[in-house]
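Input: a single structure, listed below in structure tokens.
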Amino acid sequence: MFKNNNVNFDNIKPSNQSFSAKKIRFRDRNDLVLNAEKERSINFSKKSNFFIFLLTVSFISFVSFNLLKISLKDSKSVSLSANKIEKKRGKILDKNNEIVAMSLETKDLYIDVRKSLDISVLKENLIRIFDRKNPIFFERAFSKNQYTLIEKNLSPTDINKLKMLGDPAIKLHKSNKRVYPQHNLFSHVTGLKTSNLSSKLEKNLDYTLSEGNDVELTLDLRVQDIVREELAKSLNQYQAKSGLAIIMDINDGSIISMVSLPDFNPNYPEEILPNSENNLATEARYEMGSTLKIFNAAIAYELNSTSQNEKFNISNGLQITTEKKIEDDHIKKDILDFDEVFIKSSNIGSVMILESIGYKPQEDFYKLVGLKDEIKIEGLKTVSNKLPKKWESHSKFISYGYGISVSPISLVTAFCSLVNGGYKIKPIIYKSDNNKKEKKKILSSNTSKKINKLIQRIVYEGTGKYASVDGISVGGKTGTSKKAEKGSYSEKKVITSFIGVFPSETPKFLAFVLFDEPKTNINNSIENTGGNTAAPTFSKIVKKISPIIDSEKYFYR
């Protein structure tokens, strides 16, 4: 080992020259180090480029996917929107495919004031074309200086006038309008449909109609027109507050006509008067009076009651409660047999028959025929009957038509069971797979036959004589009831009605007519009754509609 510190090793002694590079590179003959570094750089570049490529591809894929998704979504929305536009609201048709309600393509007028050639001239022209509008409306519309709706559902005449103006501010947009060609005739069945208002079938069957499906009613346009005309004449003649009529097929429950007056024109919803939109046939209830007496007879027949063979003394009246005594002042006979109680419409006799039967069979029978149930008609609103809380304490009143309030549609449906052979039916207003015809035997055929014979006698021998129709056999029952007013019954205000069937040998159809508060009658009697108001209207209606709905009988013509 060398210990001399003065020894110099020239081959490793650094010189005093400063180096510009911070890193010393050692070179071998084959540049192995340099090549290794280059290879590392190349590999790093490859990896970096590949990573960047993956990021770029991912980004492009992500953007493309979302653009495609948005495109498909928009296409689907456009498609759905197009389908929605293409689906015109379904029509409402009568049973013979006559149009009751339909939608028409129309145009709506908008103005873009900012594009007007001359605002003042345009305003003057619009005021002239739409003179039915208040000029203040146009002042406000033009003051907004924006896109504004001026008029919906333009007439062809108005459209032509607007086109002739040639102002670019005028914009016509496609629209549609629900129209009712029969005006008032079916108003209480169809209701109405506007952009922000709907009622009755238009409301309750909105999904079906909005999907473009037509609704075919069981109503007959020809019959409906006759019924409304005759009912309106009688309403005016008797100066009644309101009136209604129902025509029904007693075997399948199809409603052939349903009229409620006053009514309204669904083409002009802004003109509908208060209380005119209620369908009295389904949305009102009344104490029906003597029309309910016939149910007493049916109970007696069904139970084979001994009351059928009894005599009833009505000469002294009947004290049915400590406060209430009833009398039959309109009957000149003292002793009545079973049939005469109904032919002459005796309140006393009806209570006596009920007493011999008992209140429980009466309650059970009302349940059996559906008067205690909530009746429903698919597509229409119906009101439930008002029943007594304690049947026993009201049963005597119910026997002659008081103490229970029922809807007209409920009454006619129950009455059908008495005259159609004893079958319970379901009322229907339009044809549908859901509206399957339901028939259930609830009464004996013998009871039904006896009822039909009895109601024929009521027409030809009793209170229903004004219901008779030349050439057609009919049967039915009159009804008169005093209106409840401020806790007591009025002596002047009454509900009068008649319910009947035809042809009575083999009943097919039922007709019901009711008037609320008639002030006069057909023969100017002091008292207004079902016999001198509703019965003659029934006769006029049946005479005119019978050849239409019972055409087989008139085939030879």
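Just a few scattered comments:
- Across K483/K519; K372/K465; K91/K372; K325/K453; K389/K477, pairs whose alpha-carbon gap is larger than 25 Å: K372/K465; K91/K372; K325/K453; K389/K477
- Shown in residue order for the stretch 508-522 are the 3J(HN,Hα) couplings computed by the Karplus curve 6.51 cos²θ - 1.76 cosθ + 1.60 at θ = phi - 60°: 10, 10, 10, 10, 10, 10, 9, 10, 9, 6, x, 9, 8, 8, 5 Hz (x for Gly and Pro).
- A Förster radius of 45 Å combined with the Cβ-Cβ distance from S444 to E211 puts the calculated FRET efficiency at roughly 0.50.
- Cα long-axis angle, helix 445-461 against the chain (0 to 90 degrees, to the nearest 10): 60 degrees
- Rounded D (µm²/s) - the stretch 225-553, Kirkwood Rh over Cα pairs, Stokes-Einstein at 37 °C, 0.692 mPa s: 166 µm²/s
- Legend: distances between Cα atoms for K95/K441; K152/K193; K440/K540; K115/K161; K95/K508; pairs beyond 21 Å are K95/K441; K440/K540.
- Dividing the convex hull volume of the alpha-carbon atoms in the chain by its residue count gives 423 Å³ per residue.
- Vicinal HN-Hα couplings computed from phi for the stretch 358-370 (Karplus, 6.51 cos²θ - 1.76 cosθ + 1.60; Hz; Gly/Pro x): x, 6, 5, x, 5, 4, 5, 5, 4, 5, 4, 8, x
- Residues whose placed amide H lies under 5 Å from that of Y147, excluding near-sequence neighbours: none
- Of all accessible heavy-atom area on the stretch 269-378, the percent that carbon and sulfur account for (1.4 Å): 43 percent
- Note on the chain: dipole from Cβ charges, positive end direction compared against N523, V542, N278; the farthest Cα belongs to N278.
- Phi-based couplings in Hz for the stretch 487-494 (Karplus 6.51, -1.76, 1.60; Gly and Pro marked x): x, 9, 9, 6, 8, 10, 8, 9
- Between the C-alpha center of the stretch 358-428 and that of the stretch 270-331 there is a gap of 12 Å.
- Just the protein heavy atoms count here, and of the accessible area of the stretch 102-179 at 1.4 Å, carbon and sulfur take up 50 percent.
- Cα-based Kirkwood hydrodynamic radius, the stretch 442-557, one decimal, Å: 15.0 Å
- Viscosity 1.002 mPa s, 20 °C: Kirkwood-radius Stokes-Einstein D of the stretch 102-179 over Cα pairs, µm²/s: 168 µm²/s
- Taking the stretch 174-192 and a reference point 7 angstrom along Cα→Cβ of Y110, the backbone N atoms nearer than 11 Å belong to 174.
- Protection proxy ranking of 403-411, 419-427, 48-56, 167-175 - average other beta-carbon atoms within 10 Å, highest first: 403-411, 419-427, 167-175, 48-56
- Percentage, to the nearest whole number, of Cα pairs in the stretch 341-458 over 26 Å apart: 23 percent
- Taking amide H atoms as placed 1.01 Å from N in the peptide plane, the amide H of K424 lies under 5 Å from those of K440, K441, I442, each 5 or more residues away in sequence or on another chain.
- Lys/Arg +1, Asp/Glu -1 at C-beta; the stretch 102-179 dipole; positive extreme among Y147, L165, N125: Y147
- Per residue solvent-accessible surface (Å²) - the stretch 102-179, probe of 1.4 Å: 61 Å²
- Annotation: peptides 449-461, 259-271, ranked by per-residue average of other Cβ atoms within 10 Å with the highest first, follow the order 449-461, 259-271.
- Crossing angle, helix 293-303 versus the chain [Cα axis fit, 0-90 degrees, rounded to tens]: 90 degrees
The values are calculated or read from the model by the stated rules, or taken from the named source; none is laboratory data. Just so it is clear, the structure is predicted and the values come from calculations on it, not from any experiment. Don't worry about glycine lacking a Cβ; one is built from the backbone with ideal geometry, like all the others, and counts go over all protein chains shown. In case anyone asks, the SASA skips ligands and DNA or RNA and just uses the protein heavy atoms, side chains included. Shrake-Rupley method; radii C 1.70, N 1.55, O 1.52, S 1.80 Å.
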